[in-house]
Amino acid sequence: MPLIVRDAASHVVLITIDNQAKRNAMSREMLAELAALWDRLACDPACRAIVITGAGEKGFCAGADIGGDLTASPEMAATINRSLLKTSVFPKPIIAAVNGDCAGGGVELLLATDIRAAAPHARFGLPEVRFAIYPFGGATVKLVEQIGYVHAMDLILTGRLVDAQTAARLGLINEVVAADALLDWAIAKAGTIAANSPAAVQAVKTQISTTIAEHTQALEAREQSLGDRVRASPDFKEGVAAFLEKRKPEYR
């Protein structure tokens, strides 16, 4: 299964993204599966906190599987929004255990989590503009709010990767934890939250989640228009071809 779901502790659910051949990049089928899983967990009274991580040691999530279907339909956009909790209100706290590279849509998934730690070897970045891809998953709104304007613009516009220590300094993650202790750290953090009042915790999370979702939703029409403009440009064809051919794009 591309998404492995199990109970990790009392009232704590562990989600593992498993596509190790592609550094846990997510296909469209995986995105749809994750969207449905969020819906189920939101309504499950036994779930009070969630930990999300990647399988193996190389990748937390490398974003969307660019080698797959890249057509854009309103239905697919809705699935991406739900899978990355871009405009959704979600009442349960999510802890991220970033066990490896976190890039593109992986960062946008990270932005939907509440508390985050990473292994020392993890790297973070939004390389979309390097390959003429618009970051549809919420980075243009959420990243500025979470780490500040200049840091967000640096990451989004350069497409560079930063290490875990830099991500912690920027406030993208809470702390760096040894790789062999990372998952235990995340499960313990989730367990502490799950032991608190579910009514109070979920009320707090719902309020904060609603504020973020409403702000993002208000900008969604313009985001789709700008993204469609990029997708219709000659740059898009060249950028995706360069990515698949593992070469530097040549934009004219």
Residue that is under 19 Å from the mean Cα position of the chain (by Cα) and closer than 21 Å to residue 84 by Cα, where the choices are 166, 140: 140
So, in segment 118-135, how many residues would count as being crowded, with 24+ Cβ neighbours inside 10 Å and either aromatic (Phe, Trp, Tyr) or within 17 Å of residue 184 (Cβ to Cβ) (or both)? 3
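Residue check: is residue 222 touching a strand residue (DSSP E or B) at 6+ places or on another chain (Cβ under 7 Å), of a type in the set (Lys, Arg), open to solvent by 60 Å² or more (accessible area, probe 1.4 Å) and within 28 Å of residue 240 (Cα to Cα)? So that I can check it myself, show each step before the final result.
Details: touching a strand residue (DSSP E or B) at 6+ places or on another chain (Cβ under 7 Å): no; of a type in the set (Lys, Arg): yes; open to solvent by 60 Å² or more (accessible area, probe 1.4 Å): yes; within 28 Å of residue 240 (Cα to Cα): yes.
Judged against the criteria, residue 222 is not a match.
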Flagged in segment 180-195 as out of contact with any strand residue (DSSP E or B) (no Cβ under 9 Å at 6 or more places or on another chain) and either open to solvent by less than 80 Å² (accessible area, probe 1.4 Å) or under 22 Å from residue 87 (Cα atoms) (or both), in numbering order, are 181
Which residue, of 23, 28, is open to solvent by 60 Å² or more (accessible area, probe 1.4 Å) and of a type outside the set (Asp, Glu)? 23
Considering (1) over 19 Å from the mean Cα position of the chain (by Cα); (2) open to solvent by 70 Å² or more (accessible area, probe 1.4 Å), say which one residue 215 fails and leave the rest. (1)
Sort through 15, 115 and tell me the only one that's touching a residue at least 60 places away in the same chain (Cβ under 8 Å) and more than 11 Å from the chain's Cα centre (by Cα). 115
Checking residue 234 against (1) free of Cβ contacts under 8 Å to residues at least 60 places away in the same chain; (2) open to solvent by less than 60 Å² (accessible area, probe 1.4 Å), which single condition isn't satisfied? (2)
Test of understanding: among 205, 246, which residue is open to solvent by less than 60 Å² (accessible area, probe 1.4 Å) and of a type in the set (Lys, Arg)? 205
Flagged in segment 237-252 as in contact with a Gly (Cβ under 9 Å, 6 or more places away or on another chain) and over 11 Å from residue 66 (Cβ atoms), in numbering order, are 249, 251
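The values are calculated or read from the model by the stated rules, or taken from the named source; none is laboratory data. As the structure is a computational prediction, the values presented were derived from the model and not from experiment. No Cβ is skipped: glycine too gets one built from the backbone with ideal geometry, and neighbour counts run over all protein chains shown. Note: areas computed on protein heavy atoms with side chains; ligands, DNA, RNA excluded. Shrake-Rupley method; radii C 1.70, N 1.55, O 1.52, S 1.80 Å.
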